[in-house]
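A.B. asks: If you scroll down you'll find the structure; I have some questions about it.
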Amino acid sequence: MPARRRRYRAPHAWLGALLMLLGVCMPLRAPATTNVAAQLTPAQSQVFRAWFVRVINEQLRQGPTPRWVHRDCAGLVRFAVNEAFKHHDAHWLRANGIDADRLPPELELRADQRSLGNAWTTVDGRSSAFVTALALIQANSEFVSRDINQARIGDLLFFDQGDDQHLMVWMDRYIAYHTGTSSKHDNGLRAVTVQQLLQWPDPRWQPSADNPNFIGVFKLGFLSR
C-alpha cells in the first residue's frame, strides 16, 4: 500500500462495501458544506482549484509549513482549502515562501463565501473546523465518477479499506497525498503518477473501477464545477 495512514474507527466502515453492493458510489447524504447562495461560481471554482493545488504543491516542494498542524490525508485537504480561501497578499506570500511570479488570479469572494474555508460538516450534521477523511467525502463532497479520466484538477480520490479511509488529490499531472505518519527523515508527503498508482503492487490502492476499495472521484461540495 502507499503507506500507513491514521486509522479512523468510525461506525461507517462498511461504506465502501455498501456502495459497491448497491452499484452506486455516492455519499450517503447530500453534501452540506454550503448552500446554493454561497456556492462558488464556475469562474470562482476554477480559480479556487488553481490555488488549492498550488498550496499542496508548495508543501511538496518546500516541505510542510509549521502552520499545517494536523498532518494526515484529510488534514492536507483541509489546510489547502483554508489557505486557498485566504487573501494572497504580500504578507501571505512571504509567510508561505511563494514567489509573486506566475500566480493564479486572486480569488474574489464575498464575505459569506470566504468563511467556507474552515466550515465543514461532520457526519452527524454539526459544523466544525475539523473533519475526517470519511466526513470530507460523505458530508462535504459530491460524487463525480469511478473513472479517473473524469477527474479534474483539485478533485479527490477516495479509498475505503474497512476501518481505514484515505484521500488523495488529483493534481493533473500527478496525484498527491499524505501517508498519515511522519518522522525526522520522512514528512509523509507523496506524489505519484497516475500510471504508477494504476500499477501499484497492492491492488487495493489502484484507482480502477474493478477495485472495490476505490470508491471514486469526488469534488468538493462548494464548487459549482
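Bear in mind that the values in this text are calculations on the coordinates, not laboratory data. On a predicted model such as this, the values are computed, not experimentally measured, just so you know. Counting neighbours? That spans all protein chains shown, and the Cβs are built from the backbone with ideal geometry, glycine included.
A.B. asks: Dividing the convex hull volume of the alpha carbon atoms of the stretch 15-220 by its residue count, what do you get in Å³ per residue? Spell out each step's value before the answer.
C.D. replies: Details: hull volume 26.5 nm³, N = 206.
Here the figure is 129 Å³ per residue.
A.B. asks: Just to check I understand the Karplus step: with θ = phi - 60° and J = 6.51 cos²θ - 1.76 cosθ + 1.60, what whole-Hz values come out for the stretch 207-220, glycine and proline as x?
C.D. replies: x, 10, 5, 8, 9, x, 7, 8, 7, x, 9, 10, 10, 4
A.B. asks: Using θ = phi - 60° and the Karplus curve 6.51 cos²θ - 1.76 cosθ + 1.60, what whole-Hz ³J(HN,Hα) does each residue of the stretch 94-103 get, with Gly and Pro shown as x?
C.D. replies: Taking θ as phi minus 60°, the curve returns 5, 5, 9, x, 10, 6, 6, 7, 6, 8 Hz for the stretch 94-103.
A.B. asks: What FRET efficiency comes out for the pair S128/K86, r = Cβ-Cβ distance, R0 = 25 Å, nearest 0.05?
C.D. replies: Working from the Cβ atoms, E equals 0.85.
A.B. asks: With 10 angstrom as the radius, rank E106, E83 by how many other C-beta atoms surround their C-beta, starting from the fewest.
C.D. replies: Result, fewest neighbours first: E106, E83.
A.B. asks: Going 7 Å from the Cα of E108 along its beta-carbon direction, which residues of the stretch 195-225 have the amide nitrogen within less than 16 Å of the resulting point?
C.D. replies: Residues passing the 16 Å test: none.
A.B. asks: Given H placed on each backbone N at 1.01 Å, which residues far from I215 in sequence or on other chains put an amide H within less than 5 Å of it?
C.D. replies: F158, F159, D160
A.B. asks: Can you work out the Karplus-derived ³J(HN,Hα) for every residue in the stretch 82-91? Use 6.51 cos²θ - 1.76 cosθ + 1.60 with θ = phi - 60°, whole Hz, and x for glycine or proline.
C.D. replies: Going residue by residue, I get 4, 6, 5, 7, 7, 6, 8, 7, 4, 5 Hz, with x marking Gly and Pro.
A.B. asks: What residues of the stretch 207-225 lie in the reach of a label at D163, counting those whose backbone N is under 19 Å from a point 7 Å from the Cα along Cα→Cβ?
C.D. replies: So the set is 213.
A.B. asks: A follow-up question, please. Highest mean first, what order results for 50-61, 122-133 on Cβ atoms within 10 Å?
C.D. replies: Ranking the peptides 50-61, 122-133 by packing returns 50-61, 122-133.
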